Structures are given as C-alpha cells and as structure tokens.
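Enquirer: Quick one: the structure is below, and I'll ask about it shortly.
Taken together, the values in this text are just the output of simple stated rules run on the coordinates, not laboratory data. Computed from a prediction, not measured in an experiment: that's the story for all the values here. With ideal geometry, Cβ positions are generated from the backbone for all residues, glycine too; neighbour counts draw on all protein chains shown.
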C-alpha cells in the first residue's frame, strides 16, 4: 500500500516547488543517512532546517529540539517550513506527522523504510501532500534526467 504514497506527480511537485524542508532526525554524523540526504538537499538549493534534540548544529545551521521550535523560528524568519522529512523509526513517525499537520506544513516525506499508513492517511485528510518510503536523494536525480 505504500506505493499509494509514492505518486510520481506528487514527488515531482514536492521536489520542484517546495523549498523549505525540516529534517526530523537530522544528524551531524556524516555516516548517518539523514546527514547525506540533508547535504544533497542543500546542494540542490533547498533550505534545510535540522530538527534533532541531540544536535546543536548541522551543516552550520542551528538544530532545533522539536518541530514546533523549528517552525516558530522559520516563521519568524519569513520562511515557513513547507516539507517535513522524517528520519525516524516507523513506530515514531506518526507523532511527527501530527506535528507537521499542527505547524501547517504543505507536505510530509517519510524516508525509505518509514511506513505508517495511518499517519499518512491523517496527513492526507488534513490536506498535506504525502510521500512515503522514498528518498529525495534518489528521486532528485530522476527529475534531472
């Protein structure tokens, strides 16, 4: 059923048109997938807002302890968060999807292997675009080819 949340047109729209991404679980550790994907997003011109209570800074950007704090700062800067990219275990993802709904994000992106169909359904019902079980670092080169 995760394929229902991997619509190519939605993926293209999210990657082409939504530029401010909060990365939940973003790590300063270069061996972590969240680090490399965040770096890819930055190299492609996205604004990345790291969200991780264990980090102070990632890629020279202030890391926020939670999505609410990140959204408050992004809104104050006039650059509201548009996409919430979730690098957390599937059993923890739903809470972050609910936070994305609460901050008024336009989309949620659940990384490869992060599948929570109930949370994805809540996001869709709230009007958010949903991509699940996909990786922007894999999808971006497909758009460029």
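Enquirer: Has the stretch 80-89 got any residue that is outside any loop (DSSP other than H, G, I, E, B), without any contact (Cβ under 8 Å) to a residue 12 or more places away in the chain and surrounded by 14 or more Cβ atoms within 10 Å (Cβ to Cβ)?
Expert: Here is the first cut: in the stretch 80-89, the residues outside any loop (DSSP other than H, G, I, E, B) are 83-86.
Next, only the ones that are without any contact (Cβ under 8 Å) to a residue 12 or more places away in the chain stay: none.
Within the stretch 80-89 (the criterion being outside any loop (DSSP other than H, G, I, E, B), without any contact (Cβ under 8 Å) to a residue 12 or more places away in the chain and surrounded by 14 or more Cβ atoms within 10 Å (Cβ to Cβ)), the answer is no, since none of the residues qualifies.
Enquirer: Further question on the same structure: Of all the residues that make up the stretch 97-115, how many are assigned to a loop (DSSP other than H, G, I, E, B) and under 23 Å from residue 140 (Cα atoms)? First the steps, then the outcome.
Expert: Start the filter on the stretch 97-115 by keeping residues that are assigned to a loop (DSSP other than H, G, I, E, B), which leaves 104-106, 111-115.
Subsequent filtering for residues that are under 23 Å from residue 140 (Cα atoms) retains 105-106, 111-115.
Qualifying residue count for the region: 7.
Enquirer: Tally up the residues in the stretch 22-54 that are surrounded by 15 or more Cβ atoms within 10 Å (Cβ to Cβ), within 22 Å of residue 105 (Cβ to Cβ) and touching a strand residue (DSSP E or B) at 6+ places or on another chain (Cβ under 9 Å), please.
Expert: Qualifying residue count, the stretch 22-54: 20.
Enquirer: Show the residue pairs meeting these rules: Cβ distance below 6 Å; 6+ apart or different chains; first residue within the stretch 28-48 and at positive phi; second residue surrounded by fewer than 17 Cβ atoms within 10 Å (Cβ to Cβ) and part of a helix (DSSP H, G or I).
Expert: So the pair list comes out empty.
Enquirer: Please go through the stretch 123-141 and pick out each residue that is touching a residue at least 12 places away in the same chain (Cβ under 8 Å) and under 12 Å from residue 5 (Cβ atoms).
Expert: The answer is 123, 128, 129, 130, 131, 132, 133, 134.
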